[in-house]
Amino acid sequence: MKKILNILTGIPRIYKDTFLVFLGNLLGSVLAFIFSVLVSRSLGPSDFGLFSVVLAVLTMVSDISDFGANTSMVRFATRFLEKTEPDGANRVISLNLKFKTYLGIGLAVLGYFSARWIAEVVFKNPLLVFPLKIVALGIMGILLFSFFLAVFQSYRQFKKRIIYSLALSAGRVILLLLLIMGGRATLINSLWVYILLPFFLLGPVFISKPFSFVNEKINEKNLAQELFHFSKWLTVSNFAVLVLSRLDIFMLVRFSGPAAAGIYSAAFRLASLILLINSSFTVTLLPEIFRLGRLELLKNFFKKFLVMTLIINICLVPLVYIGPFLIKLIYGAAYADAGGVFQILVFAFMFMITISALEMIIYALNKPQLFALMMVVSVILSFGANYLLIPVLGARGAAWALLGVKLFGIIYLLITILEIFSSKRIVFDKEARLEVEGALATEEKTALGF
């Protein structure tokens with residue numbers, strides 16, 4: 001027993017934190033999946049489609065309006081803390097808090113009064129007017145809650161970060177179960193559960209630590225410019241990822257109706273659990289890839305990781321055959337049409353695992369503009385493919401469009417990396433590492449969030 005304890009204490013902190021965060025992400029994803037299953041079964045495909053659309057609007061608006069502020073805050077606050085300059089970290093965090101508060105209020109007002117126009121003009125569905133108004137009121141809660149999670153990350157308080165994340169996910173599941181048992185699990189009540197809980201958890205967050213930054217005075221304009229200055233390529237990539245992750249849902253509602261969006265969302269949510277494998281790789285391997293330092297070592301990593309992803313993808317193939325059974329078992333007979341959609345999406349997410357490995361190589365080669373270009377082209381291809389396929393094939397058309405876009409991504413990245421390997425030397429620098437951390441964090445959040 002003593003030997004085991006000695007081994008555990010000898011493990012570097014970064015690996016302990018990585019494992020802890022991975023477990024938290026795993027439990028959070030399971031709880032989010034349970035919540036989505038409960039909502040889908042209690043509402044049915046049509047209302048679940050409306051529910052998925054308004055939540056897609058909520059997450060997309062909150063992620064885009066962040067402008068990378070959380071990642072930037074973590075970056076600069078951590079640097080100040082490493083230099084034992086807590087006052088500098090407090091100024092950075094306080095500035096971000098003010099930004100999030102004013103932004104949240106502005107977006108809530110704007111979203112509330114533009115809800116009718118969005119519902120009737122953009123989605124051509126008047127049933128979305130009131131749900132969109134509810135979601136507008138929840139934007140500030142989402143922004144502030146994500147801000148405090150980033151604060152915990154800055155202070156390396158990963159346990160608190162995990163506890164509050166799980167409290168949010170578990171609280172939503174519990175409250176929804178109470179609504180179901182009381183026979184009041186309607187579309188509107190389910191939305192209230194989703195958006196109000198972050199506000200209730202903000203109080204305990206303040207109490208849990210005497211955040212000195214709340215009263216910190218900010219008089220430095222240069223600090224604001226530095227805090228919100230991000231790589232233009234990273235910003236382009238993040239924006240494209242966010243648009244790409246929601247475009248299919250929006251176009252399904254517009255061209256095939258909410259029922260098709262509900263079918264697609266159910267299959268997408270189940271298949272996206274594959275991305276837990278993806279996130280574990282990016283978290284654990286990202287620090288190592290920047291320590292390689294030589295082109296030959298990076299080439300060896302490239303070859304070995306491609307083989308590893310191929311083996312993983314082969315192991316995931318049985319999901320294609322048991323997918324329809326899983327859909328009926330988890331969501332019920334009303335979602336039987338989601339079985340075929342799930343089978344297509346499994347292959348799309350297999351491709352995403354490979355793309356993740358290739359993405360790390362691109363950033364290690366210090367070529368973020370090449371990945372940004374790929375994401376912009378992917379958005380254009382996704383819009384065109386969904387526009388052509390959804391009116392004909394419905395939810396399956398959206399799945400085929402996603403599969404095609406991911407196939408394009410693999411081909412593009414493979415050709416690009418091989419060309420770089422054959423013609424140029426790599427340049428490692430600290431900014432490249434920071435950019436890939438921000439990009440992967442955004443993509444992981446988008447993929448694993450409900």
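A short reminder: the numbers here are calculations on the coordinates, not readings from a lab. What you see is a predicted model; the values in this text were computed from it and never measured. Neighbour counts are summed over all protein chains in view; Cβ atoms, including those assigned to glycine, are modelled from backbone coordinates with ideal geometry.
Odds and ends about this structure:
- Viscosity 0.890 mPa s, 25 °C: Kirkwood-radius Stokes-Einstein D of segment 335-395 over Cα pairs, µm²/s: 179 µm²/s
- Ordering of 368-380, 346-358 by packing [mean C-beta count within 10 Å, highest first]: 346-358, 368-380
- Extended-chain gain in nm, criterion 0.36 nm per residue less alpha-carbon gap, residue 117 and residue 387: 95.0 nm
- Shape call, segment 362-403: gyration tensor on alpha carbons, a/c limit 1.5: prolate
- Between residue 325 and residue 189, the FRET efficiency from the beta-carbon distance, with R0 = 35 Å, is close to 0.65.
- Across segment 308-315, computed HN-Hα scalar couplings (Karplus, 6.51 cos²θ - 1.76 cosθ + 1.60, θ = phi - 60°) run 4, 5, 5, 5, 4, 4, 5, 5 Hz from first to last residue, x flagging Gly and Pro.
- Relative packing of peptides 241-247, 23-29, 317-323 - highest average C-beta neighbours within 10 Å first: 241-247, 23-29, 317-323
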